[in-house]
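A short reminder: the numbers here are calculations on the coordinates, not readings from a lab. Quick caveat: nothing in here was measured; it's all calculated off a predicted structure. So basically every Cβ, Gly included, is an ideal-geometry build from the backbone, and we count neighbours across all protein chains shown.
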Amino acid sequence: MIYMIVKLVRNALGSVVVFIDWVSRPKSIQRSPTEQIRVQSMFNGLSLYQFRACPFCVKTRRAIHALGVDIELRDINKEIKYREELEQGGGRVKVPCLRIEENNEFRWLYESSEIIAYLNQRAIA
């Protein structure tokens, strides 16, 4: 019984977090088409393992949106294969986690603040 109540409260709070994100989402950086293609190419090979209602995942997705780039989002609650990839590749099931593929090698970056700093640095490179 208590488990069901906790789950209900968690789902309700998650929906509130997602709604607040939706109504207060920052504007994306506007670039010329040529510059957008160049910047977007800096983000190829990145995947964000996350789930919809996680506040730290929301924070990370907002930063991605503000940068005006597309990164593949892999929801570990909706796709068991993503959860398994995260556990096997990253070593633990913790979100958000950015999978960085470079030269056919993978790195796994946890912690929303570190992910955002990495993305910001990559955007100005």
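Could you tell me what percent of the DSSP beta bridges with both partners in the chain are antiparallel, to the nearest 5? Don't jump to the answer; show the numbers that get you there.
Working: 10 of 14 bridges.
For the chain, the DSSP antiparallel bridge percentage is about 70.
Pull up all non-local amide H partners of Arg74: gap of 5 or more, or a different chain, and H-to-H distance under 5 Å with H placed in the peptide plane.
Answer set, sorted by chain and number: Leu48, Tyr49, Gln50.
Taking Lys94 as the anchor, which lysines have their alpha carbon closer than 21 Å to its alpha carbon, excluding any fewer than eight residues away along the same chain?
Filter leaves Lys7, Lys59, Lys78, Lys81.
Hey, with R₀ at 25 Å, roughly what FRET efficiency would Asn103 and Lys78 work out to, going by the Cβ-Cβ distance, to 0.05?
Efficiency, rounded to the nearest 0.05: 0.25.
With label points built 7 Å along Cα→Cβ from the Cα atoms of Ile29 and Val16, find their separation and express it in nm.
3.4 nm
Once the other residues with Cβ under 12 Å from the Cβ of Ala63 are scored (Lys, Arg +1; Asp, Glu -1), what is the net sum? Display every interim value, and only then the final one.
Numbers: positive: Arg25, Lys59, Arg61, Arg62, Arg122; negative: Asp21, Glu114.
Its environment carries a net charge of +3.
Give the peptides 19-29, 74-84 in descending order of average Cβ contacts within 10 Å, highest first. Kindly include the intermediate steps, with their values, before the conclusion.
Working: 19-29: 11.0, 74-84: 14.7.
Descending mean neighbour count gives 74-84, 19-29.
So, R0 is 30 Å and r is the distance between the beta-carbons of Glu111 and Met1; what FRET efficiency does that work out to, to 0.05? Before the final figure, lay out the partial values.
Working: r = 35 Å, r/R0 = 1.17.
The calculated FRET efficiency here is 0.30.
Kindly write out, for region 114-123 in residue order, the coupling ³J(HN,Hα) from the Karplus curve 6.51 cos²θ - 1.76 cosθ + 1.60 (θ = phi - 60°), rounded to whole Hz, with x marking Gly and Pro.
For region 114-123, the Karplus-derived couplings read 5, 4, 5, 4, 4, 5, 4, 5, 5, 5 Hz, x marking Gly and Pro.
State, to one decimal in nm, how far the label point of Arg38 lies from the label point of Arg62, with both points 7 Å from Cα in the Cβ direction.
Output for this residue pair reads 3.0 nm.
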